[in-house]
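Comments concern the structure below.
The values are calculated or read from the model by the stated rules, or taken from the named source; none is laboratory data. For clarity, every value in this text was computed on a predicted model and none was experimentally measured. When we count neighbours, we look across all protein chains shown, and the Cβ atoms used for this are built from the backbone with ideal geometry, even at glycine.
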């Protein structure tokens, strides 16, 4: 029997992001909050969407809005509280055989919440909604991650696994090809075909992938530097990795 996801309440800020959430995933929105003084052409559409979707809208004096415990630090106009769901294990991912275009993003030892949020944003932008994280040595999914993902977290499925190596073995057995990113000594990333189903594996900010994870990869890929910088930020490399996969699916 597949376990259901664990749920928590996280914030999304900004008129465009909240409107998108109300349009696409209103069932996940617990509440929308805005100060009484908020102005802009977005306000009437937002109020109408909340009413149409049956979402609670709370209008507060700005002093109370500003002190709300769930308000993201930079939220000045509006934010929403939405239900984030996180799966323990891969049952919900592996219950359906993968198609050639299916892609998952696997993150090994990514501990910076800002990087995690940026990677989730890039993944969802390129159509990748399944993201696998280890339970240990990985950033928890918090409000900071939700805000840095710029709303993309609400569209992602997060899988938190006890043993990342075993999870990769399960992905491989299910038909996924395992592509790992390395700083050097890998095949060139630009133009790599990356046939699928594909699991794109990114190592952490400081040490990259663990050896046990690297050894499971079907192919290692690197992006040779054009300048004098030795390596890219992990979230930047993730975006390029995802782009190459996206480009390859369309060529």
Q. Of all helices (runs of 4 or more DSSP H) completely enclosed by the stretch 131-229, which ones contain at least 3 residues that are in contact with a helix residue (DSSP H, G or I) (Cβ under 8 Å, 6 or more places away or on another chain)?
A. 143-148, 164-174
Q: Could you tell me whether residue 196 is in the same structural domain as residue 108 (by TED's automatic domain parsing), surrounded by 21 or more Cβ atoms within 10 Å (Cβ to Cβ) and over 19 Å from the mean Cα position of the chain (by Cα)?
A: yes
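Under 30 Å from residue 211 (Cβ atoms) and either modelled with pLDDT under 95 or not assigned by TED's automatic domain parsing to the domain that holds residue 136 (or both): does that describe residue 79? Outline the logic, then answer.
Numbers: under 30 Å from residue 211 (Cβ atoms): no; either modelled with pLDDT under 95 or not assigned by TED's automatic domain parsing to the domain that holds residue 136 (or both): yes.
When the stated conditions are applied, residue 79 does not pass them.
For the stretch 26-63, enumerate the residues that are assigned to a helix (DSSP H, G or I) and touching a strand residue (DSSP E or B) at 6+ places or on another chain (Cβ under 8 Å). Spell out how you get there, then give the answer.
Here is the first cut: in the stretch 26-63, the residues assigned to a helix (DSSP H, G or I) are 26-28, 43-53, 62-63.
Result: 28, 43, 46, 47, 50, 51, 53, 62.
Any residue at all in the stretch 124-145 that is over 20 Å from residue 203 (Cβ atoms), modelled with pLDDT under 90 and buried (at least 19 other Cβ atoms within 10 Å of the Cβ)? Before you say what the answer is, go through the steps one by one.
The first filter runs over the stretch 124-145 and keeps only residues over 20 Å from residue 203 (Cβ atoms), leaving 124-125, 127, 129, 142-144.
Subsequent filtering for residues that are modelled with pLDDT under 90 retains 142-144.
Pick out the ones that are also buried (at least 19 other Cβ atoms within 10 Å of the Cβ) and you get 143-144.
Yes, that holds for at least one residue.
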Q | Enumeration of residues in the stretch 83-119 that are crowded, with 21+ Cβ neighbours inside 10 Å, over 16 Å from residue 173 (Cβ atoms) and touching a strand residue (DSSP E or B) at 6+ places or on another chain (Cβ under 6 Å) | A | 84, 103, 105, 107, 108, 109, 110
Q. Taking interchain pairs and intrachain pairs at least six residues apart, which have beta carbon atoms under 6 angstrom, with the first residue in the stretch 112-137 and at positive phi and the second crowded, with 16+ Cβ neighbours inside 10 Å?
A. 137/109
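Could you list, in sequence order, the residues of the stretch 70-125 that are assigned to a helix (DSSP H, G or I) and under 21 Å from residue 217 (Cα atoms)? Let's see the steps before the verdict.
As a first pass, look at the stretch 70-125 and keep what is assigned to a helix (DSSP H, G or I): 91-94, 113-125.
Answer for the stretch 70-125, where residues must be assigned to a helix (DSSP H, G or I) and under 21 Å from residue 217 (Cα atoms): 93, 94, 119, 123.
Which is over 13 Å from the mean Cα position of the chain (by Cα) and under 30 Å from residue 236 (Cβ atoms), of 95, 111? Reasoning before the result, please.
Working: 95 fails: under 30 Å from residue 236 (Cβ atoms).
The conditions single out 111.
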Q) Does residue 169 fit the bill of being surrounded by fewer than 15 Cβ atoms within 10 Å (Cβ to Cβ) and either under 13 Å from the mean Cα position of the chain (by Cα) or over 20 Å from residue 83 (Cβ atoms) (or both)? A) yes
